[in-house]
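In what follows, a single structure is set out as structure tokens and then discussed.
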Amino acid sequence: ALPICQAAQALGNHPKGKEVLTALINALEKEQEPDVYVAIASSLGKLKNSQALKPLLKKLKELENGDRIARAAVVEALGNLNLSKEEIENSEKEENREERLLTVLINRWRNETMSNVQAAIENTLRNYYQTNSYEPIRKALKKYSKYTELNQKKPNSNENLDRKSTRL
């Protein structure tokens with residue numbers, strides 16, 4: 001499995017060609033070894049291509065009771081896709097509930113027993129909220145998060161380091 005993992009990681013660092021994306025998606029759909037699909041999911045996240053959304057959601061569903069490290073890696077890959085607000089909204093309109101990004105992540109978050117997977121889901125949702133300010137994400141974070149702060153911006157050299165964060 002190690003050579004396959006290394007190959008998947010190398011593909012993730014490859015220029016963003018369609019052949020690479022297609023090869024990784026096909027491998028993710030066929031692969032049964034947790035270590036390998038962790039590497040594949042990570043590589044798909046690095047490519048930041050929204051075409052990986054549905055295959056990653058499908059793999060997350062398959063892993064519902066599977067390897068916790070693999071579940072966390074798939075969630076992190078979903079977070080790395082850098083989806084636009086429009087892509088997230090369109091995902092929520094899918095007829096199949098298993099293809100709705102927020103629906104899947106929020107349900108997984110509510111039902112997840114492993115803290116590392118819960119943390120990965122929360123981080124993914126926070127990143128999407130900070131990027132897109134999509135109201136349903138804010139509501140979910142407010143309802144299910146253990147934290148009360150959102151939109152904490154990283155100060156740059158021109159800003160005061162003591163800036164207060166926005167509260168929900």
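The phi-based Karplus calculation (6.51 cos²θ - 1.76 cosθ + 1.60; θ = phi - 60°) puts the 3J(HN,Hα) values of segment 103-109 at 4, 5, 5, 5, 5, 5, 4 Hz, whole numbers, x for Gly and Pro.
Among the listed pairs Lys30/Lys143; Lys18/Lys61; Lys46/Lys85; Lys18/Lys142, those with a Cα-Cα distance over 31 Å are Lys30/Lys143; Lys18/Lys142. What the Cβ-Cβ distance of Thr103 and Asn82 gives, at R0 = 30 Å and to the nearest 0.05, is a FRET efficiency of 0.95.
Any read-out appearing in this document is the output of simple, stated calculations on the displayed coordinates, not a laboratory observation. Everything numeric in this text was worked out from a predicted model, so none of it was measured. Cβ: placed from backbone, ideal geometry, glycine included. Neighbour counts: every protein chain shown.
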